[in-house]
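I have placed the structure first, in the form of structure tokens, so that the comments after it can refer back to it.
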Amino acid sequence: MLTTLSIAETDFALAKPARAWSPDSAATSLPSPARPVGMLGVAFDNVTKAEAVSRIEEMIATRRPHHVVTANVDFLVQAQRDVELRRILLEADLVLCDGTPLVWASRLLGNALPERAAGADVVPLLIRAAAEKGHRIFFLGAGPNVAAEAAERLRRQHPGLIIAGHFSPPFCDLLQMDFAEVARQVAEARPDILLVSFGCPKQEKWIAMHYHLLGVPVVMGVGATLDFIAGRVARAPVLMQRSGTEWIYRLAQEPRRLLRRYANDLLRFLPALALQWWTLRPRGRSPGQADAITSVRTPEWQQIRVTGDFSAATLDRDRGSFDEALQTLHHCQLDLSGVRQMDSTGTAVLVHWRKRLHAHGRRLMLLNPSTGVRRTLKLMRLTRHFWIVAREAEVPSHGGALQTTQPVLPPYPGGHTVAWRGEVTASNSTAIWGLTLEHFASVGPPPRQTFIIDLSRVRFIDSSGAEMMGRLRAWARHLKKDLRFLGLRPDVCNVLRMAKLADLLQAPLQ
């Protein structure tokens, strides 16, 4: 059955200004010469290590905050059960392939990535470029003294390198971290590049929560890279790195920690990849079938219709038409009713298309996707990340229908229930906090000693939203009141469990 999101429910999520972009930043969001490839719902940028460094340098030049992810097999496996991590990988500005198995998988899917672009390989190149161009670098995380040792080694290797600072916060859960202290140190250092080493998924979630507040042009999760640079952990010989057997070397170093993880990743990744390959494999063309793309521009919309296959072959064959459509900065209505099938590359291009328009405050609407498109989006767990409209009659006819909706609904007269809607994320959690307290104050203490927040219209929260829910509970307890969250959807429950806030999942009031 086609999943259709109502405009009222979707507006707030799609209008979120995650980053303030300007025309001079457009170069970082344009489609790369090589098409991205989608693996288990993650769109990997098709770049070499050198190209990745060039893209990062372009990001620095814009002075806008960007999030760079180096994703390996474990990231993809974790993202299958972690809704928030999957969302982060979907929205990151640059997603690099940190694993030879993923390079092999991309070949199987018909769009080969050029090479592994692991953080441990990209960061040294980035540091060399930073030393030449005067970019300031800050190291955050890793174990005690690791960042300091890494900084000292790099200063000896690159005398011109500016290490703006380093800080290893005490180990604790994500929501218990002292962000104020980190923000103070980063603000004083004024870095161009912030390398975060907390491990996955903690570092990715921490970055997603805070990078837009820090204002650093490039924030990148680097895992164990600082340990490698500091000499705390030895990397495998170059031959093992190139042959895809570095994991054996790492397993020999840390068997207790890595054996279970590697076994779990293998058992989950291979079947999922095989299912993707089998479902999205090329099929024979029907007699007389033609691939085509047509577009019409109106004052509010770029209306595009794709027929035939939305695949790597079609994208390459009609590169000019597709690239022109992909670079539009209008709201885009994409009619996919005539698409027979969509492969891994077509899926990744769709993700990049959505991300590019979203970064410029525009929306991508999928109009009446065909059965093949719906099957692909469901397989890649991407359906709920797109604005899908089942019938053309539901398309808004003017820009006024696209305005952002209010994230917090005031209580009914005499009531003590506040309703949230849309999405609760780092971009709006502070505003939602203030509005919620304001509404509760306007109606006075609840007669049943219980404040209620209705989340039935909330599609997604991130860790910032989860942390705010915990603070609201503490606020109510300080007033010697209770606070209940009702109507939680599965994705919201998933985020709360991952954030170790399952105690917020209370049974409804009778």
Quiz item: For ILE60, are the conditions met, namely being crowded, with 20+ Cβ neighbours inside 10 Å, touching a Pro at 6+ places or on another chain (Cβ under 6 Å) and either under 24 Å from ASP323 (Cβ atoms) or modelled with pLDDT of 95 or more (or both)?
Solution: yes
Quiz item: In the set VAL42, VAL77, VAL47, VAL68, which member is within 19 Å of THR225 (Cα to Cα) and either in contact with a helix residue (DSSP H, G or I) (Cβ under 6 Å, 6 or more places away or on another chain) or at pLDDT 95 or above (or both)?
Solution: VAL68
Practice problem: Restrict the check to segment 245-252 and report whether at least one residue is within 27 Å of LEU109 (Cβ to Cβ), surrounded by 12 or more Cβ atoms within 10 Å (Cβ to Cβ), polar (S, T, N, Q) and modelled with pLDDT of 85 or more. | Solution: no
Quiz item: Going by the structure shown, is ARG268 part of a loop (DSSP other than H, G, I, E, B), touching a helix residue (DSSP H, G or I) at 6+ places or on another chain (Cβ under 8 Å) and in contact (Cβ under 8 Å) with a residue 24 or more places away in the chain?
Solution: no
Quiz item: Taking PRO299 and the conditions (1) in the same structural domain as LYS378 (by TED's automatic domain parsing); (2) under 29 Å from the mean Cα position of the chain (by Cα); (3) not in a helix (DSSP H, G or I), which numbered condition does it fall short on, given that it satisfies the others?
Solution: (2)
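Given PHE171, PHE167, PHE138, PHE179, which one is free of Cβ contacts under 8 Å to residues at least 24 places away in the same chain and aromatic (Phe, Trp, Tyr)?
PHE171
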Self-check item: Tally, over segment 323-362, of residues that are over 17 Å from the mean Cα position of the chain (by Cα), surrounded by fewer than 22 Cβ atoms within 10 Å (Cβ to Cβ) and not acidic (Asp, Glu)
Solution: 12
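Of ALA441, ALA431, ALA419, which residue is free of Cβ contacts under 8 Å to residues at least 12 places away in the same chain, over 27 Å from LEU382 (Cβ atoms) and either outside any helix (DSSP H, G or I) or of a type in the set (A, V, I, L, M, F, W, C) (or both)?
ALA441
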Quiz item: Inside segment 114-143, can you point out the residues that are over 23 Å from SER243 (Cα atoms), of a type in the set (Gly, Ala, Ser) and either outside the structural domain of ALA71 (by TED's automatic domain parsing) or touching a strand residue (DSSP E or B) at 6+ places or on another chain (Cβ under 7 Å) (or both)?
Solution: ALA130, GLY134, GLY141, ALA142
Quiz prompt | Subset of segment 463-510 (residues that are outside any helix (DSSP H, G or I), among the small types (Gly, Ala, Ser) and surrounded by fewer than 16 Cβ atoms within 10 Å (Cβ to Cβ)) | solution = GLY487, ALA507
Practice problem: Evaluate segment 123-133: report whether one residue or more is surrounded by fewer than 23 Cβ atoms within 10 Å (Cβ to Cβ), within 25 Å of ARG375 (Cα to Cα) and touching a helix residue (DSSP H, G or I) at 6+ places or on another chain (Cβ under 6 Å). | Solution: no
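The values are calculated or read from the model by the stated rules, or taken from the named source; none is laboratory data. Note that the structure is a prediction, hence the values are computed from the model and not measured. Counting neighbours? That spans all protein chains shown, and the Cβs are built from the backbone with ideal geometry, glycine included.
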